[in-house]
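The values are calculated or read from the model by the stated rules, or taken from the named source; none is laboratory data. Just so you know, these numbers come straight off a predicted model, no measurement behind them. Glycine gets a Cβ as well: all are built from the backbone with ideal geometry, and neighbour counts include every protein chain shown.
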Amino acid sequence: MNRAGDSLACRTQPAPQERIPPPMLLVSEVQGALLHEMDGQAQDGSMEFEAVTFWERPNRNHVRVRRTDLDAFAASFVEAPFLRNHAEADIGAREGIVLASTVEERPHPVDGQLTPALRQRVRVTTARGRQALREGQIDRFSVSLDVAGWECSVCGADWLRCHHWPGQQYDVNGQQAMCEIVAVQPRGRELSAVNVPAVDGTGLLQALCACKADLQKEREMSTFVNEATLRSDAGLHCGGGQEEKLSAEASSVPIPLPAAAPVTTPAEVNENEASEVQSVLRAVQEQLTALQQMRSQLEAERREQQIRTSGLSEQSQQVVRLATQHNGDLDILIEAQRAAEAVLASPVKGNRPLPISAMQAPEDRIQDAFDWAMGLASAPTPPPSMRNVRDLYLAITGDHDFHGKFVPGQAQLAAATTTTLPGLAVNALNKVVLQYYASMLTWRWYEPLVEIVPHDGSTHDVQLIMVDGVSNLSTVTEGAAYTELTVSDSKETIPFSKKGNFVGITLEMFRRSDIAKLQAIPRALMAASLRTRSSAIASIFTANAGAGPTMANDSKALFHTDHGNLDTTAFSAAAWATARQRLWKQLVPGTAKPLSLWPAFCLVPIELFDAALEVFGYGEGDIGLPTAAGTAQKVNPYALTRAGDPRPVPIVVPDWSDTNNWAYLVDPRLQSVICMAYANTPAGGTHALPEFFTGDTEKSGLLFTNDVLPVKVRDWWGFGVATYVGIGKNNVA
């Protein structure tokens, strides 16, 4: 499957007072190619494939992305949607998501030369998309991007303002250089499957050139007008009747002509010069008329495009076309027609038509109502008629008999499809789980303790890094050679593990408008995900009877006397002082140098939390420790943060059942000990949220057999320990 055909869609962020053409397809000889499908099909039914979607090289339209921008351009596509034919406004056109996007050198299919290319891995989640992939219909691709502007490759200036044109040769310091249009700060927007590549003479290049010509004409006309005005002010006169006629014609043009000040014509004025001014003004008027016609044509094309993508029926589109001929407001007219169609489509079996607001799209309005029903605190409170989940279900599906199917003729949403209800549910769930994630801090105790490491996105085991064997640098005398240091890496790895379940939203829950149960679903799924992560990190301290996992580097337990990080003393101020010294004196492997870092976190069960607060001086008032005689007060050395010596943070581990054991750990920014990796955040650095999916259609799966809309949660991550240096534990008998 090596057929290919690629185009590039683009949006430009306009500079102030600039008119930039709307997003269009970029004519391009950049060839995309489907490389291969991944083996098999995932348990959730999704399929994955890899494809080359973009080549960085000159093309027949002379529009390109700068090589230095390619890495950032590629990375910006991660988690972008995979669509059909750039239909961004249609949720039914979404087929999946871009999982990974990298730049690599590959032989170009035309000439075999090594060329930078975008290689992207895509997950197809819809049944329609998987079928198209199996049948070989998905093998041509087009990327869509946003840009900050366009740069001329010849002069480096804003291309819309310079005098160079793409494809033309220009002399630059004695050398011939071809003009190309360079995208400034390109950022990926989406990836689309397309049928055929674009062809010459259409698309973004044509629109850009038309825009540039438009701007140049305006500048030239401004020059003509200024010259004519100056000459009129100098005492030239065109004759009253002709001057009034020109002024009347110019008044209908949006760009006004500066009016010439009335003057008295001296007898000695040269009539030839007056005639010359008349010619100049006539030329200006002709160009203004041509510009007005061009603008009218562009505006008509823009209106027609907006009408065709409005989601209205063909009959309603014709109504809007007729109305706009009388200067009607297009947005309000489209919304009014939607309202009319919704009323006509409302059923006679008890479903109340939902109210239509003045400017908000019906899809957005129902999404807001769905968000509110699922428990999103920031969602606007819908009107009373939209607080009933049953009415929302009927408005989306048109299933008035509750057969668990989509009835397009009875649905209130003109753009609704069989995937609309699952899509709204997943959108609402993802918003609500983020809300619950922010509030479940006690189960996220491990987050400040671990480092999120990057990986290649393949979910192969991640090799952890702990470079050791470097103590002091050697002295290099003048003219002498540098000596090589011997270093070694950690043998520890992170294996990925996929966690997940699904919860069914039953037809009865919709029919009974059971809002309480709907809101309980995302809360329960998020709590289960965080508790699973918490339990895994807590097990590092409880595995192997409290000694921790066995380290691959030396085949000894994580907490071991040979590692200088194990003790049996109960928690107290004196025990903490001993632990601090023990951690400070740990030797960096391969050297005789101490670690020389302070513990930043103290991990305790809930039974020791109050004691930890007292030892570290958290609170107000008299917090010093009493002397042995009880007659004075000693300074608490842990009640303040000093340079290089952070005040310890007591953290309760909810999964610990032993009431006496406690542990300590350095700041992961200074020494990485416990590491995590998330499958859906290959760049590392942040804790990823669990992923939510819906999968069934009305004729398959649980919707068909059980009248249940399944909502699946997937949490794909791994964890491990890189080294024993920087961590310690007290197993108290």
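May I ask you to verify whether V503 is among the aliphatic types (A, V, I, L, M) and either modelled with pLDDT of 80 or more or within 25 Å of V721 (Cβ to Cβ) (or both)?
Working: among the aliphatic types (A, V, I, L, M): yes; either modelled with pLDDT of 80 or more or within 25 Å of V721 (Cβ to Cβ) (or both): no.
No; evaluated as a whole, the condition is false for this residue.
The residue pairs whose first member lies in segment 373-401 and is more than 20 Å from K431 (Cα to Cα), whose second member is among the acidic types (D, E) and crowded, with 16+ Cβ neighbours inside 10 Å, and whose beta carbons are closer than 8 Å, counting only pairs six or more residues apart or on different chains, are S385/D391.
Would you confirm whether any residue within segment 124-136 is under 30 Å from I181 (Cα atoms), within 23 Å of the chain's Cα centre (by Cα) and at pLDDT below 90?
Pass one, segment 124-136, residues under 30 Å from I181 (Cα atoms): none.
No, because not a single residue in segment 124-136 is under 30 Å from I181 (Cα atoms), within 23 Å of the chain's Cα centre (by Cα) and at pLDDT below 90.
Would you confirm whether or not segment 589-611 contains a residue that is modelled with pLDDT of 90 or more, hydroxyl-bearing (S, T, Y) and surrounded by fewer than 15 Cβ atoms within 10 Å (Cβ to Cβ)? Scanning segment 589-611 turns up at least one residue that is modelled with pLDDT of 90 or more, hydroxyl-bearing (S, T, Y) and surrounded by fewer than 15 Cβ atoms within 10 Å (Cβ to Cβ). Meeting the requirement of 1 or more residues that are within 30 Å of Q305 (Cα to Cα) and modelled with pLDDT under 85, the strands (runs of 3 or more DSSP E) wholly within segment 36-120 are 47-55, 63-65.
Has segment 438-446 got any residue that is in contact with a helix residue (DSSP H, G or I) (Cβ under 6 Å, 6 or more places away or on another chain), modelled with pLDDT under 80 and outside any loop (DSSP other than H, G, I, E, B)? The answer is no; no qualifying residue exists.
For F541, are the conditions met, namely being surrounded by 14 or more Cβ atoms within 10 Å (Cβ to Cβ) and more than 16 Å from E492 (Cβ to Cβ)?
Values: surrounded by 14 or more Cβ atoms within 10 Å (Cβ to Cβ): yes; more than 16 Å from E492 (Cβ to Cβ): yes.
Criteria met by F541.
Is it the case, given these coordinates, that T309 is of a type in the set (S, T, Y) and modelled with pLDDT of 70 or more? So T309 fits the description; yes. Of the numbered criteria (1) exposed (fewer than 14 other Cβ atoms within 10 Å of the Cβ); (2) touching an Asp or Glu at 6+ places or on another chain (Cβ under 7 Å); (3) β-branched (V, I, T), the one T493 fails is (1).
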